[in-house]
Each structure stands twice: as C-alpha cells, then as structure tokens.
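The values are calculated or read from the model by the stated rules, or taken from the named source; none is laboratory data. Being a predicted model, the structure only gives us computed values, none of them experimental. Cβ coordinates were reconstructed from backbone atoms using ideal geometry, including for glycine residues, and neighbour counts include every protein chain displayed. Each accessible area value is taken on the protein alone, full model and side chains, heavy atoms only, with ligands, DNA and RNA left out. Shrake-Rupley method; radii C 1.70, N 1.55, O 1.52, S 1.80 Å.
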Protein chains: 2
Amino acid sequence: MKKLLTAVLLLPFMANSQVQDDATMIKKLSDEILRNGRAHELLYQLTKQIGGRLAGSPQSYKAEEWGRITLEKMGADKVYLQECKVPRWVRGGKDEAIITAVDATKTSRGLDVLALGNSLGNGKPVEAEVIAIADFDELEKRKAEVKGKIVFYNAGFDPTNVKPFISYGQTGIYRRTGASRAAKYGAVGILIRSMTESVANDPHTGSMSYNDSFPKIPALAAGPRDADQLWDLSKRSSVKMAITTYGHFLPDTIGHNVIGELKGSEFPDRIITIGGHLDSWDVNEGAHDDGAGVVHTIEVMRALKAIGYKPRHTIRFVLFANEENGMRGGNKYAEEAKAKGEKHVFALESDEGGFTPRGFGVTADKAQLAKIRSWMPLLEPYGTGEISEGGGGADINPLNKTFGIPIAGFLPDPQRYFDIHHARSDVFENVNKRELLLGAVNMAGLIYLIDKYGL
Amino acid sequence: MKKLLTAVLLLPFMANSQVQDDATMIKKLSDEILRNGRAHELLYQLTKQIGGRLAGSPQSYKAEEWGRITLEKMGADKVYLQECKVPRWVRGGKDEAIITAVDATKTSRGLDVLALGNSLGNGKPVEAEVIAIADFDELEKRKAEVKGKIVFYNAGFDPTNVKPFISYGQTGIYRRTGASRAAKYGAVGILIRSMTESVANDPHTGSMSYNDSFPKIPALAAGPRDADQLWDLSKRSSVKMAITTYGHFLPDTIGHNVIGELKGSEFPDRIITIGGHLDSWDVNEGAHDDGAGVVHTIEVMRALKAIGYKPRHTIRFVLFANEENGMRGGNKYAEEAKAKGEKHVFALESDEGGFTPRGFGVTADKAQLAKIRSWMPLLEPYGTGEISEGGGGADINPLNKTFGIPIAGFLPDPQRYFDIHHARSDVFENVNKRELLLGAVNMAGLIYLIDKYGL
C-alpha cells in the first residue's frame with residue numbers, strides 16, 4: 001500500500017485509478033508467474049535435455065525445434081522461423097597448454113584452458129617461450145621481444161569496479177583483439193587471463209576475431225588461478241609453453257530466429273519485440289547465457305496469455321540465433337524488418353543472466369526515459385527500481401540502429417554473472433528459480449506498461 | 001559523477017564539499033574492501049576449519065577463540081569476552097521418519113528429516129497414524145481426530161510474496177509453536193514442512209519451544225519435496241509414520257559475546273554497535289547464517305583501520321553468542337550496557353546472509369529515518385538504495401528496547417536466503433565473494449556516516 005501511495009505521488013500525469021489498475025495488473029502477472037511459472041522447468045529442458053548449442057551445431061537445431069514447439073504450446077498466436085546464415089565454428093578437440101619452468105626445477109604442468117571462440121588451431125603443439133604482459137601498453141613497449149613467443153595477457157578485472165560489466169568493458173578487448181595485436185609483432189600464440197573475478201579456476205571462452213593482415217595464431221583463455229600462478233612464475237623464471245588447439249570453421253550454414261507472436265488488438269502493425277538468444281557456447285549449458293533470456297521471453301508470453309491480457313500492439317517473442325560468435329540472428333531480424341517496412345516501437349532483451357532483478361538499461365530520448373522512470377514505482381515492489389541510461393542487447397541493437405526506436409536491456413544483479421559467463425559452470429544448477437521468475441515478472445510488467453501507454 | 005550530482009541535490013542541508021568528502025571516503029572504504037577484503041578468507045576459516053557451532057558445543061568455543069584472535073589481528077584497540085549463560089541442546093543422533101502407506105501397496109520409505117532445535121526425543125521410535133493438516137485453522141476444526149496421531153503441518157511459503165521474509169513470518173509459527181498446539185489435543189509427535197521455497201529436498205531445522213502445560217512430543221522438519229509427497233500420499237491413503245529423535249538438553253553452560261572496540265576520539269563514551277552472531281545450527285557451516293554477519297562485522301573494522309579512519313564515537317564490533325536457540329548473547333549485551341550506565345547511540349546487525357546488498361531496515365523516529373534516507377545517494381552506487389521502516393536484528397533488538405535507540409539491519413537480496421537457511425546447504429561454497437564484500441562496503445559506509453553526523 002505504501003508503494004502504491006508512492007506510485008500515486010510519482011505519477012502525476014496519470015489518474016489514481018489508472019495507477020491502481022496498473023498495480024493490480026502487474027500484481028496479477030507477478031502472482032501468475034510466481035505461482036505457475038514455467039521458466040525454471042523450461043530452462044531445465046533447454047540446458048539438461050539439449051545442452052550447449054553453438055550456432056550450426058546439432059544441438060542448435062534441437063533448440064530451434066524446442067523453441068518452436070514451446071512457443072506454440074505456451075499459446076503464441078503464430079510461430080515461425082526466420083532463416084539466416086550462421087558461421088559454424090567447432091572446437092575440434094581438447095584444448096591444452098603445458099607450461100615448463102626454464103630453471104633448475106624444470107617444473108611442468110598443464111593449465112586449465114579453453115580456446116577462444118572463432119580461434120584457429122591445427123592440432124599440432126605450438127611451443128615457445130612465454131612473454132607475460134600486463135596490458136597493451138606493455139605490449140607496445142616490449143614489441144621487439146614478442147617475435148616467436150607466446151604472449152600471455154594477464155589483464156584482469158579491476159575489483160574496485162562495483163559494476164563488473166565495467167571491468168568486462170575494460171578487458172574484453174584482450175579476448176577480442178589480443179591475438180592479432182600480438183601476431184603483428186610476430187607472436188606465435190596467445191593465452192589470456194579469463195574475463196572473471198571468480199575464486200574458481202574455470203577458464204572462460206568467448207568470441208574473438210582475427211585481423212586478416214596478420215597470421216592467425218592460436219588463442220586460449222586460462223583459468224584465473226592458473227593465470228595468477230603463471231604470472232608469478234614468469235616473474236621468477238623463463239617459462240616455455242606448449243599449446244594445442246583444434247578450432248576451425250566448417251562452411252557457413254543455416255540457422256533461425258524462432259519467433260512467436262501475440263497479435264495486437266488495436267495496432268496489429270506496430271511491433272514490440274522481446275527476446276533472448278537461443279545459442280550458447282559449446283562448453284556449458286548456456287543456462288544464464290542466455291537460457292535465462294530465452295525462458296524469460298517465453299514466460300512473459302505465457303503469463304500475458306494466462307491472465308487473459310489482450311495486447312494493443314503486436315508483441316513478438318524472439319529467440320535469436322547466433323549471438324555468441326556472429327550476431328547474425330539479430331542483424332537478420334532488423335534487416336528483414338526494414339525490408340518489409342515493418343513498424344517497430346520498442347524492443348527489450350534479457351541477456352545478462354537469470355539473477356535477482358535490479359533494473360533496466362534504456363537507450364531512448366529524454367522524454368521516453370522520463371516516462372519509463374515515472375513507471376518505476378509500479379515495478380519497484382518486484383525488484384527493478386533502477387533505470388540506467390544506455391543499454392539494450394546485442395540482438396536488438398540493430399533495431400535501434402535501423403529504426404532509431406527505444407530499446408532496453410533487463411538488468412539483473414550483475415555480481416555473479418562473470419563467475420559463470422562462458423565457463424563450464426554456466427549450468428542449470430547455478431540458476432535460482434525465484435530469481436529467474438522475478439526477472440520474468442519485471443519484464444512482463446515493463447512490456448505491459450509499454451503496450452498500454454506507448455513511448 | 002551523476003550519482004554525486006544526485007547526492008548534492010538530495011542533501012540540501014549538507015555543503016557540496018561535505019558530500020564530496022563523504023563520497024570520497026566511502027569510495028576509499030569500497031576500494032579497500034573490494035581490493036584487500038579479508039571477509040571471504042575469514043569466512044573460510046570459520047566455516048571450514050570450525051564448522052557448525054551451536055551454543056555450548058566444542059566448536060562454539062573454538063569460534064569464540066577464533067573471533068578474539070581475529071579481532072585482535074585485524075586491529076581492534078581492545079578485545080574482550082562478555083560471559084553469558086547459554087542453553088546446551090544436542091541433537092544426539094540421526095533423526096529419522098519412516099512413512100508407510102496403509103493400503104494394498106504397503107509402500108514404505110524414509111523421509112529426509114531434521115529434529116527441530118530444542119525439541120526432545122528419547123531415541124525410541126514413536127509410531128502413529130499421520131494426520132495431514134494445512135494450517136492451524138484446520139487443526140482446530142479437526143482437533144477431535146488428533147489424539148494418538150502424528151500431526152503433519154504442510155504450511156508452505158506463499159510463492160506470491162515477493163519478499164520471502166513475509167512468508168517466513170507467516171509460517172515460522174508452525175515450527176516455533178506447532179508441537180505444543182498439537183500436543184494439547186493429544187498428538188504424539190509433529191512433522192512440519194520446512195520453511196523454504198527451495199527446489200531441493202533439504203530439511204530445514206530451527207528453533208522451537210514447548211508450552212510446559214502439554215507433553216513435550218518429538219518435532220521434526222521434512223524436506224519440501226518429501227512434504228509434497230507425504231501430502232499427496234495422505235490424500236490417497238492412510239499413512240503410518242515412525243519417527244525417532246534424540247534431542248536433549250545438557251545443563252546450561254557458559255558462552256561469550258566476543259567484542260572488539262575502536263575507541264572514539266571525540267565521544268569515547270558514546271557507543272555505536274555493529275554485529276552478527278557467532279553461533280549457528282549444528283547441521284551446517286552457518287556460512288550465510290550468520291558467518292556472513294560475523295565477517296561483515298570484522299571486515300568493517302579492518303577497513304576503517306586500513307584507511308586510517310579515526311572514529312568520533314567508540315565503535316563496538318560484537319560477535320554475539322547463542323542467537324539461534326536462546327538469544328542469551330544479545331540480551332546479555334543490553335543488560336550489561338544498562339547495568340554499567342553505558343550511552344548507546346546506534347546499532348547495526350547483519351543477520352540475513354551474505355547476498356548482494358539492497359538496503360537497510362531501520363527502526364528509528366521520523367527525523368532519524370529521514371536523515372538516513374538522505375544519505376542513500378551516497379550508498380546507492382554500492383547497492384543499498386532501499387531504506388525500509390522497521391528492522392534491526394535479534395541480537396540488537398534488546399538495545400532498542402532498553403535504550404530506545406535507533407537500530408538497523410543490513411538487507412541483502414533475500415531471494416536465495418531460505419534455500420539454505422538452517423539447512424545442510426548453508427555452507428561456504430554458497431557464499432559469493434563479491435556479494436559478501438559488497439555487504440561490508442555498504443555497512444562500512446553507513447557506520448561512517450552515522451559516526452560522522454550522528455542521528
């Protein structure tokens with residue numbers, strides 16, 4: 001009741017009865033999801049019965065079929081697949097890195113490593129001396145020493161960043177571009193410190209790409225504890241490393257965005273999109289990344305139907321293809337929307353995990369932002385009070401670029417995300433049922449408000 | 001910077017330079033804790049090297065000694081023990097409950113159960129028919145049927161409560177008082193559904209007490225999946241149950257609050273208290289409950305010292321004894337404070353786990369509440385924006401009752417708390433390092449502001 005009063009005070013442009021109606025409707029959605037939510041059970045199916053589902057893999061097609069059937073079962077008015085070309089990268093074997101101290105001890109041991117996604121390897125060991133580098137500045141200073149060596153980038157997260165996504169923004173560049181920047185100076189391979197602050201030693205993979213001007217050298221990520229030890233060892237002794245990777249591309253193949261629709265009753269031609277991506281890395285179950293976003297999306301649709309809500313706009317529930325190593329699904333969705341002259345009004349993505357809700361990151365103009373902020377007292381009781389400026393999602397950013405429409409990303413609490421992000425530990429067991437369902441509650445609430453009031 | 005601007009706008013009674021100073025100081029505390037924090041490592045010691053530490057147990061004395069040494073090592077000006085009498089309940093054996101369907105199948109199986117804390121059992125099986133009861137209303141209606149039976153209370157959490165502590169408030173009464181309410185009508189034992197919404201089947205123990213007017217019958221908690229099955233089975237068939245528990249009290253013994261102090265530079269006689277409780281249930285490591293509160297408390301002290309902060313008030317860092325099954329530590333602390341004529345100004349407790357920070361629950365008058373709320377823009381960047389009215393902690397509530405002083409409880413996100421609360425799964429592995437450290441950051445920030453500005 002106190003929250004409602006706050007809502008009334010903060011929503012001066014809305015009549016009290018409207019605020020009451022909206023509060024009642026959002027409570028209905030919340031009760032439906034918390035009482036009868038299927039998201040957790042659907043996530044079990046996607047993670048345990050299908051598993052890792054990188055673009056073009058056999059599991060990716062199983063996931064598409066599962067998505068199609070599930071959207072139908074959960075009550076979409078219409079379900080269809082939207083074809084796109086996707087890359088087909090395969091890991092090809094068990095990635096290895098063995099380090100040997102070049103000192104009297106000759107200590108030798110294997111590190112826990114994963115080849116970076118899209119990196120290439122021919123299965124033959126590449127053996128060389130390690131040059132341990134803190135950051136690109138040091139690489140530039142020591143470029144004359146790099147030739148013939150394996151560059152070890154030990155760029156870790158800055159623990160004083162309260163928001164881990166800031167750390168990811170600062171260090172992700174080593175994963176994405178570190179190989180070619182080292183190859184430019186003659187390096188024969190790279191090993192990066194995994195993008196995480198986890199206390200565990202799991203290595204974290206993720207997308208990289210090569211600059212065609214330089215040799216395409218193998219690239220791996222080491223677990224953070226192994227990275228610590230290698231860093232310390234390299235300060236005491238020369239270190240040799242033998243790395244073996246098998247990554248390669250098969251020919252591009254076909255993937256699909258899986259799309260369910262609830263038809264708009266008033267504005268059937270004006271489209272609101274909500275989605276997550278169906279693909280995941282090969283080494284885990286893609287439970288938080290982005291199984292959570294997929295089942296959030298489906299749950300929002302199920303709940304809107306279950307409470308008998310008739311949307312004014314057409315709402316599209318999209319399970320995007322190939323976010324992880326190509327972004328082809330999101331790009332295709334915006335391209336087709338443009339080609340068909342569709343009218344899009346808003347898009348929301350969930351791709352930061354299934355953790356307890358905190359807010360939304362919104363890319364919109366000032367008036368739109370103010371409008372969304374004014375609704376927050378209605379969602380605060382369910383966890384999302386914070387609206388930060390900027391945000392969306394890799395799969396819906398193209399919609400914003402193409403149409404200039406406002407987009408938003410669901411922001412769950414980020415503290416545990418990089419413990420599991422692209423690591424073997426991104427499994428069903430690490431998703432909490434209530435946290436997952438509450439994400440869907442808040443997303444459903446925002447979609448309801450946007451559908452009702454527009455932006 | 002945007003947060004700072006907000007702070008400036010919302011703190012009209014403070015000069016901008018003050019707000020800047022405070023923001024800088026809190027950032028210093030945050031950087032110190034996130035970079036050099038010892039809370040996670042200390043929690044490892046308390047949980048893995050000592051373990052479960054119910055009042056009066058050998059581990060409880062190890063924990064006291066650890067607390068004393070740790071507070072000294074971490075830089076307290078003075079450390080001392082405050083003696084109190086504590087109850088000495090022991091589980092005494094492996095609790096059992098075996099159910100048998102009284103139908104053609106005669107299906108029989110054991111449930112995963114734990115005797116409730118303080119409950120009594122003599123190690124001999126008590127065998128009787130089960131009467132499955134939804135709530136106390138049903139108990140009253142069916143009281144004539146209860147005699148000679150084992151009452152199974154299936155009162156579960158209401159999943160539509162977004163805040164699980166509301167559900168705990170609604171159902172905790174079955175654990176605390178269900179045995180005597182059933183014994184009043186002749187029941188020979190009770191089994192409750194565990195106080196949790198977890199998808200796992202772990203049983204959750206916790207404190208109960210008997211009404212001396214009625215027989216002291218055995219009392220257990222079943223895992224929630226077992227409770228579901230027993231409920232369903234009891235609708236289809238008569239069910240017999242054999243329960244065996246061994247709980248008993250040894251004579252009251254001696255326990256201690258472990259207290260560290262930083263001496264106030266301006267008001268050495270005015271005391272701010274911050275604490276958590278050192279005891280835990282016997283069946284787990286007491287990692288969230290309340291190892292987290294203990295290491296939060298020590299970390300706040302360490303960080304204040306590490307950045308060279310000289311408190312104006314005397315700050316007491318208190319590791320309370322015997323919260324779980326007696327509250328003797330918290331009561332003793334307030335009693336002695338009164339007997340000695342101490343002047344207390346504020347107390348803060350952490351006893352809701354080591355999860356990501358959300359806010360504080362505050363029991364104070366309107367002006368004090370408004371003052372604390374006005375500081376929140378300074379803490380919001382670290383996770384705690386929410387100030388809810390009411391709150392404190394079992395160990396500091398007596399201070400509020402005795403002196404009428406304002407008290408507060410740290411509020412981490414509550415969604416995972418009842419998954420592990422009083423269950424075997426409350427172990428070190430289920431505490432996230434960053435979430436734990438951020439709790440200490442926000443507590444340190446609040447203590448700093450209260451020490452600087454008073455209430």
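Looking only at region B:29-78, how many residues end up being in contact (Cβ under 8 Å) with a residue 40 or more places away in the chain, more than 14 Å from every other protein chain (Cβ to nearest Cβ) and open to solvent by 30 Å² or more (accessible area, probe 1.4 Å)?
Total satisfying the criteria: 4.
Select, from B:Ala364, B:Ala334, B:Ala347, the only residue that is at pLDDT 95 or above, among the hydrophobic types (A, V, I, L, M, F, W, C) and over 20 Å from B:Leu262 (Cα atoms).
On the way: B:Ala334 fails: over 20 Å from B:Leu262 (Cα atoms); B:Ala347 fails: over 20 Å from B:Leu262 (Cα atoms).
Checking each option against the conditions leaves just B:Ala364.
Check every one of the strands (runs of 3 or more DSSP E) wholly within region A:62-174 and list those with 1 or more residues that are over 28 Å from A:Arg328 (Cβ atoms) and at pLDDT 95 or above.
Per the criteria, A:96-102, A:108-110, A:126-133, A:150-153.
Does region A:372-392 hold any residues that are open to solvent by 10 Å² or more (accessible area, probe 1.4 Å) and assigned to a loop (DSSP other than H, G, I, E, B), and which are they?
A:Gly383, A:Gly385, A:Gly390, A:Gly391, A:Gly392
Need pairs with beta-carbon distance below 8 Å; first residue away from chain B (no Cβ under 11 Å) and farther than 15 Å from A:Tyr44 by Cα and within region A:417-444, second outside any helix (DSSP H, G or I) and among the aromatic types (Phe, Trp, Tyr); sequence gap 6+ or separate chains.
A:His422/A:Trp281; A:Met443/A:Phe410
What number of residues in region B:243-272 are assigned to a strand (DSSP E or B) and of a type in the set (Ser, Thr, Tyr)?
2
State all residues of region A:305-339 that are free of Cβ contacts under 8 Å to residues at least 60 places away in the same chain and more than 27 Å from A:Trp281 (Cα to Cα); if no residue qualifies, say none.
A:Gly308, A:Lys310, A:Thr314, A:Ala339
In region A:203-230, what residues are within 14 Å of chain B (Cβ to nearest Cβ) and either open to solvent by 10 Å² or more (accessible area, probe 1.4 Å) or of a type in the set (S, T, N, Q) (or both)?
A:Arg225
Okay, residues lined up against (1) open to solvent by 10 Å² or more (accessible area, probe 1.4 Å); (2) part of a loop (DSSP other than H, G, I, E, B); (3) under 25 Å from A:Thr356 (Cβ atoms); (4) not assigned by TED's automatic domain parsing to the domain that holds B:Leu446:
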residue	(1), (2), (3), (4)
B:Asp279	no, yes, no, no
B:Val283	yes, yes, no, no
B:Gly291	no, no, yes, no
B:Ala337	no, no, no, no
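Sort through A:Arg302, A:Arg312 and tell me the only one that's crowded, with 19+ Cβ neighbours inside 10 Å, at pLDDT 95 or above, basic (Lys, Arg) and closer than 22 Å to A:Glu32 by Cα.
Just one listed residue meets the conditions, A:Arg302.
Which of the residues spanning region B:144-167 are under 30 Å from A:Pro381 (Cα atoms), open to solvent by 10 Å² or more (accessible area, probe 1.4 Å) and either of a type in the set (D, E, K, R) or within 14 Å of chain A (Cβ to nearest Cβ) (or both)?
B:Gly156, B:Phe157, B:Asp158, B:Pro159, B:Thr160, B:Asn161, B:Val162, B:Lys163, B:Phe165, B:Ile166
Looking at this structure, is B:Gly275 over 22 Å from B:Gly92 (Cβ atoms), modelled with pLDDT of 95 or more and in a strand (DSSP E or B)?
yes
For region A:17-24, state whether one or more residues are within 14 Å of chain B (Cβ to nearest Cβ) and at pLDDT 95 or above. It would help to see each step written out before you state the result.
So the first thing to find is which residues in region A:17-24 are within 14 Å of chain B (Cβ to nearest Cβ), and the list is A:23-24.
Imposing the further condition that a residue be at pLDDT 95 or above reduces the set to A:23-24.
Among the residues of region A:17-24, at least one is within 14 Å of chain B (Cβ to nearest Cβ) and at pLDDT 95 or above, which makes the answer yes.
Which of (1) surrounded by fewer than 24 Cβ atoms within 10 Å (Cβ to Cβ); (2) within 14 Å of chain A (Cβ to nearest Cβ) is the odd one out, the single condition B:Gly354 does not satisfy?
(1)
Within region A:393-455, considering only helices (runs of 4 or more DSSP H) that don't extend past its boundaries, which have at least 1 residues that are out of contact with any strand residue (DSSP E or B) (no Cβ under 8 Å at 6 or more places or on another chain), over 15 Å from A:Gly354 (Cα atoms) and modelled with pLDDT of 95 or more? Break it down into steps so the answer makes sense when it comes.
Details: elements: A:397-403, A:417-420, A:433-453.
In region A:393-455, A:397-403, A:433-453 are the helices (runs of 4 or more DSSP H) which contain 1 or more residues that are out of contact with any strand residue (DSSP E or B) (no Cβ under 8 Å at 6 or more places or on another chain), over 15 Å from A:Gly354 (Cα atoms) and modelled with pLDDT of 95 or more.
Return yes when B:Ser234 is exposed (fewer than 15 other Cβ atoms within 10 Å of the Cβ) and hydroxyl-bearing (Ser, Thr, Tyr) and no when it is not.
No.
Do the conditions hold for A:Gly390, that is, is it within 14 Å of chain B (Cβ to nearest Cβ), in contact (Cβ under 8 Å) with a residue 24 or more places away in the chain and more than 16 Å from A:Leu446 (Cβ to Cβ)? Step through it out loud before you land on a result.
Values: within 14 Å of chain B (Cβ to nearest Cβ): yes; in contact (Cβ under 8 Å) with a residue 24 or more places away in the chain: yes; more than 16 Å from A:Leu446 (Cβ to Cβ): yes.
In short, yes.
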